[in-house]
1. Filter segment 483-498 down to residues that are more than 26 Å from the chain's Cα centre (by Cα) and touching a residue at least 12 places away in the same chain (Cβ under 8 Å) and give me whichever is nearest to G399 (Cα to Cα).
2. Taking Q118 as the residue in question, decide whether it is at pLDDT 50 or above and either surrounded by 17 or more Cβ atoms within 10 Å (Cβ to Cβ) or not hydrophobic (A, V, I, L, M, F, W, C) (or both).
3. For W625, only one of the following conditions fails: (1) touching a residue at least 60 places away in the same chain (Cβ under 8 Å); (2) out of contact with any Cys (no Cβ under 9 Å at 6 or more places or on another chain); (3) of a type outside the set (G, A, S). What is its number?
4. Please go through segment 664-714 and pick out each residue that is open to solvent by 50 Å² or more (accessible area, probe 1.4 Å), of a type in the set (S, T, N, Q) and part of a strand (DSSP E or B).
5. Select, from T763, T733, the only residue that is without any contact (Cβ under 8 Å) to a residue 40 or more places away in the chain and assigned to a strand (DSSP E or B).
6. Would you pick out the residues in segment 304-342 that are of a type in the set (S, T, N, Q) and part of a helix (DSSP H, G or I)?
7. Quick one: which of G408, G482, G455 is out of contact with any strand residue (DSSP E or B) (no Cβ under 9 Å at 6 or more places or on another chain) and open to solvent by 20 Å² or more (accessible area, probe 1.4 Å)?
8. Please state which of the following conditions V348 fails to meet, knowing it meets all the rest: (1) on the phi < 0 side of the Ramachandran plot; (2) within 16 Å of the chain's Cα centre (by Cα).
Amino acid sequence: MVTLARRPAPRLRVLILAIFAVLATLVVAGPQRPAAAAAAAASDGWVLATTSPAAAAGAPAYIGNGYVGTRVPADGAGYADAPVATETHVAGVYADKPDVDHGGIQRQGSVNLPGWTQLDVIVAGHRYAAAAASDYRQVLDLRHGVVTTTATWSAGGRVTRLAYDVALDRARERVGLVRLRLTPSWSGNLQVRDVLGAGARLTPGGLRPVSAAANARTALLAVRTAGIGTEVAEVARLRVPPASTVAAKADPAAMTATRTATIPVRAGQTYEVAKVVGFATSLDATNAAGAARRAAGSAPASAGILAENSAAWARLWTSDIVVPGQPKLQGRVRAAQFYLLASARPDVDWSISPVGLSAGGYNNHVFWDAETWMYPALLAQHPAEASTVVDYRYRTRAGARRNAQRTGYGGQRFAWESALTGDEVTPTWAETGRLEQHVTADVALAQWQYYLATGDQGWLRARGWPVLQGAAEFWASRAERGADGSYHINQVEGPDEQNWPVDDSVYTNATAKLTLELAARAGRLLGLAVPASWNQVAEGLVVLTPAPLGGLPAVRPEFRAYAGQQVKQADVVLLTYPWEFPQPAEVDRSDLDYYTPRYDPDGPAMTDSVNSVIAAQLGIGCSAWTYTLRSLDPFVKAPYEQFTEARSGQGVFTFLTGEGGFLQEFLYGYTGLRWRADRVQLDPMLPPQLAGGLRLTGLRWQGRLFDIVLGPSTSTLTLWSGAPAQVETPAGTRTVSVGAPLTVPTRTAGPDGDNLARCRPVTANAADPSAPAVAAVDASTITAWTPDTDPATPSTLTVRLAGTPTLGHATLTWLDARPLAPYEVQIRTAGAWRTVATVPATTNMVDEVTFEPVAGDAVRLQIPATRFGGQNPKLAELAVRG
């Protein structure tokens with residue numbers, strides 16, 4: 001049996017929660033944080049809401065507590081299978097089920113578990129539905145982890161006000177709550193129907209009935225997953241108002257248990273129906289039904305559950321990312337944090353799939369997404385939650401060893417798609433399971449990052465080393481010595497999934513080399529013998545040399561036969577971040593500039609996330625902000641700011657891979673934060689678009705607690721608890737200690753003294769979300785503004801300057817496409833727009849425009865509608881000079 005959860009005894013657990021509650025308000029061995037600052041940090045971005053049932057149904061809210069997750073339908077409770085199914089998932093639960101798309105059997109596929117939130121309101125024979133209600137509002141409260149839905153509903157001439165609260169208790173991972181409050185404007189009887197099991201048959205062939213039972217107080221439903229045989233139990237305790245009568249029935253074959261309460265009501269009074277649900281599986285309990293029953297029975301009343309859930313979330317939110325003065329962005333940042341945390345908890349020994357516990361996308365398998373994109377976003381502020389990602393690989397290393405043996409190699413080859421055991425469960429029709437072997441290196445890096453962030457040598461010896469050793473053994477056996485005496489890795493697929501199989505993938509080879517070096521370093525640190533072959537292979541492994549490509553001086557070709565073709569997503573640039581492969585900054589910049597225009601325009605969000613981190617590191621104008629917008633705007637989906645995998649709402653969601661990459665921009669990009677074994681590195685950079693600054697609270701490194709506040713000219717690291725720490729800055733290594741904050745200069749981007757438009761505020765009448773207006777002034781000729789307008793509509797771009805300088809020249813650099821008709825350059829002088837130049841239609845990709853000097857506070861381009869069936873123009877850079 002796989003051990004999924006590690007839980008302390010009940011009394012000890014209560015004591016631990018009490019201690020955490022105290023620690024949430026006190027800082028040990030250090031000064032207390034100012035209350036005013038904490039209040040200001042929580043002033044906005046906490047509530048996401050909609051008044052449209054259609055919007056709520058199209059992208060249902062998601063909540064989770066790291067053990068169980070569920071979507072909440074537009075009605076506020078219940079189950080919907082369209083337009084988006086409101087699924088329920090428990091960590092680690094899989095089935096062997098029919099592959100309805102490709103035939104055969106899907107090994108260890110995701111399972112949509114029986115729905116548990118259904119509490120139907122029935123008046124005069126009509127069932128409440130949000131689509132038929134008025135005064136509708138649904139709110140996702142990120143601070144407290146609750147979805148609240150309110151509506152006024154009329155049926156048979158009877159008007160009733162309803163309010164649903166749905167929560168998954170963060171303090172008790174096995175407990176969920178649905179609270180329904182009813183205020184009728186009439187007197188008589190209404191009914192509330194409780195159902196366990198809605199949607200249990202959504203996964204064809206995935207579930208088998210075990211048992212179902214119901215009485216007035218308690219309902220039980222137990223099911224077993226096909227093939228795997230994991231038993232899942234749900235037990236619901238129902239509380240209804242006095243004088244209610246309850247009829248109960250169960251249908252094991254249909255996998256449902258139902259209670260219907262008839263409630264006498266009086267006009268103007270409010271009535272509450274509460275449903276407390278316990279969850280358990282045979283993965284983490286000897287008797288799943290018994291464990292679920294105990295969880296439901298020991299939980300407090302609804303108010304108590306909501307209170308303890310709120311307190312548990314409050315402890316998590318002491319670590320936050322605050323973006324002052326930007327409520328929309330703040331809501332999106334907090335949503336990304338919430339969705340990641342909703343799918344991870346430290347006492348559940350499991351990793352995170354690309355959609356977490358929100359849905360069944362990619363069969364809830366674990367990919368490199370966990371280590372590369374989600375895990376770093378947790379590690380900086382929530383190392384306990386992040387630990388589940390690395391511990392999962394330790395627990396499933398036997399499966400990784402079997403994967404290596406099956407393919408003729410040594411060590412541990414971690415699965416491209418991993419599930420219950422770590423054995424490769426990628427569908428056989430997909431080449432990725434055979435070829436995307438780089439996941440083993442990604443797993444190794446995460447292990448090392450955990451050691452750097454925690455400094456825990458005991459963990460490294462007991463858990464990290466066995467994984468690092470197995471990964472190194474795999475690469476040492478996988479590399480082939482060629483006739484040239486060097487080592488090669490052939491017939492693989494890198495992160496770029498549009499070009500395969502390839503030889504000497506730069507990403508695969510470089511990360512294999514670094515894995516061997518990291519494992520050797522870990523071994524020496526622990527006083528262990530390290531095979532000489534690791535060093536031999538690492539030194540001899542070919543990492544293709546940078547060469548002039550595409551007019552750039554030093555680009556690493558993606559693989560041996562790479563010829564400049566389209567690339568699916570970030571690949572080579574990942575050597576710069578997160579791998580920090582030792583190479584000149586010139587190579588980092590060339591790789592970024594060369595591959596950016598070659599990425600698939602329909603590729604996923606993570607590419608621009610890493611581009612933002614790299615652009616901030618290199619200090620390329622304000623292009624880091626351009627990449628931030630590109631990583632966000634095309635992917636985020638209203639009303640609950642959930643990422644989709646692809647642009648325009650396509651692909652799986654909630655796509656935690658994209659959410660994690662987005663958060664890394666703030667944690668590691670703009671701060672320049674990097675972990676080292678004996679220090680942290682800090683090199684802050686703030687684009688002018690974040691003029692209000694950036695505040696990161698509750699960061700953790702090797703037992704220390706600290707905040708980082710980025711300001712327009714200086715940034716401050718404040719240590720709240722723990723021993724003094726060394727901080728590497730561009731000015732040298734400094735020491736920070738409790739009571740003695742460290743202040744360093746903030747790198748900024750703005751007018752460079754020559755180009756007066758660079759990084760200035762810019763607006764456009766329309767823009768492709770993947771090509772925002774700021775791209776035209778961000779000091780990068782690789783990013784571009786593209787007007788997203790109908791061909792019959794003119795386009796305008798306006799740049800507000802600092803003061804009222806005298807202007808006489810403009811340079812416009814176009815990328816791939818330029819206006820196909822004459823366009824105008826205008827200057828705003830004395831409050832009026834004046835055309836200073838009309839630029840003729842040419843084939844030039846750079847327009848040098850000189851005009852009579854004029855003082856103005858803004859520049860505007862007027863681009864006519866004429867496209868002649870061609871592309872919209874792409875303005876890479878607008879430079880304005882005196």
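The values are calculated or read from the model by the stated rules, or taken from the named source; none is laboratory data. In this text, all values refer to a predicted model and were calculated from it rather than measured experimentally. Methodologically, a virtual Cβ is constructed for each residue, glycine included, from the backbone with ideal geometry; neighbour enumeration extends over all protein chains shown. Quick note on the areas: whole protein, heavy atoms, side chains included, nothing else; ligands and nucleic acids left out. Shrake-Rupley method; radii C 1.70, N 1.55, O 1.52, S 1.80 Å.
1. Residue satisfying both the conditions and the ranking: V492.
2. yes
3. Failed condition: (2).
4. If the condition is that a residue be open to solvent by 50 Å² or more (accessible area, probe 1.4 Å), of a type in the set (S, T, N, Q) and part of a strand (DSSP E or B), then T714 is the only one that fits.
5. Step by step, each of T763, T733 is checked, and only T763 is without any contact (Cβ under 8 Å) to a residue 40 or more places away in the chain and assigned to a strand (DSSP E or B).
6. Once the filter is applied, which keeps residues that are of a type in the set (S, T, N, Q) and part of a helix (DSSP H, G or I), segment 304-342 yields N309, S310, Q330, Q337.
7. Answer to the check: G408.
8. Failed condition: (2).
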